[in-house]
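Written out below as structure tokens is the structure these notes cover.
The values are calculated or read from the model by the stated rules, or taken from the named source; none is laboratory data. All figures in this text were calculated on a predicted structure; none of them were measured in a lab. Every residue, glycine as well, gets a Cβ built from its backbone with ideal geometry; the counts of neighbours run over all protein chains shown. Side chains included, ligands, DNA and RNA excluded: accessible areas come from the protein's heavy atoms. Shrake-Rupley method; radii C 1.70, N 1.55, O 1.52, S 1.80 Å.
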Amino acid sequence: MKALASVETKLNEQKSRSRRQLQLEERKCAEARAADRVEVLAAKLKEADENLVEVATIIDYLVQSVFILRWKDVATEIRSFCMEQLGLWIQSGSTRFLQASFLKYLGWALHDRESEVRLAC
């Protein structure tokens with residue numbers, strides 16, 4: 001998941017870079033504009049969007065099928081491991097995990113009955 005989060009961050013950077021380059025190329029006058037460059041940049045932007053959708057789908061599936069089920073496990077070690085991993089995902093720089101839908105798990109785990117889980121948070 002951490003690797004997917006870093007891939008998502010890199011794809012977002014690539015997408016914004018391609019978008020800026022495309023906008024700069026489109027602002028040029030008709031004589032200075034390279035039509036093939038505009039097409040290449042538009043294709044790069046489209047490819048980055050498609051890749052982002054695919055990575056987001058994989059991340060959502062993994063979160064729903066693994067993390068959501070395990071963060072409230074009866075085993076203290078598993079709960080604390082889930083919170084440690086969530087912290088790593090947040091540190092990876094992905095803005096996806098800094099949303100309230102993920103931060104709520106940290107808040108709930110901060111009130112866990114086991115100190116090991118609270119410490120992991």
Check: Among the aspartates and glutamates, which fall within straight-line cross-link reach of Lys28, defined as a Cα-Cα distance under 20 Å, with same-chain neighbours fewer than 8 residues apart omitted?
Finding: Asp36, Glu39
Check: Using alpha carbons only, what's the Rg to Rh ratio of segment 61-112 with Rh from Kirkwood?
Finding: 0.94
Note to self: If the reach is capped at under 20 angstrom between alpha carbons, list the lysines near Lys46, excluding any in the same chain fewer than eight residues apart.
What the structure shows: Lys10, Lys15
Margin query: Tell me the angle of helix 100-109 to the major Cα principal axis of the chain, expressed in degrees between 0 and 90 and rounded to the nearest ten.
Written below: 20
Item checked: Loop-exposed GluC sites (Glu not before Pro) per DSSP, neighbour cap 15 Cβ within 10 angstrom, longest uninterrupted part of the chain -> 32-113
Next item on the list: Compute the long axis of helix 2-27 from its Cα atoms, compare it with the longest principal axis of the Cα atoms of the chain, and write down the angle in degrees, 0 to 90, nearest 10.
Entry: 20
Notebook entry, point to check: How far, in nm, would the chain grow between Ser16 and Ala30 when pulled straight, counting 0.36 nm per residue and subtracting the alpha carbon separation?
Noted result: 2.7 nm
Item checked: Cα-based helix-to-principal-axis angle, 76-91 vs the chain, degrees rounded to 10 -> 20
Check: What are the lysines whose alpha-carbon lies under 24 Å from the alpha-carbon of Lys72, with same-chain residues fewer than 8 places away excluded?
Finding: Lys2, Lys104
Notebook entry, point to check: Largest first, how would Ser16, Ser115 line up by accessible area (1.4 Å probe)?
Noted result: Ser115, Ser16
Next item on the list: Binning at 10 Å from 0, report for the chain what percent of all alpha-carbon pair distances ends up in each bin.
Entry: 13, 33, 22, 15, 10, 5, 1
Check: Roughly how many Å² is the accessible area per residue of the chain, as a whole number, for a 1.4 Å probe?
Finding: 65
Checklist line | Neighbour cut-off at most 13 other Cβ (10 Å), DSSP loop, trypsin sites (Lys or Arg not before Pro), segment 39-116 | finding: Lys72, Arg113
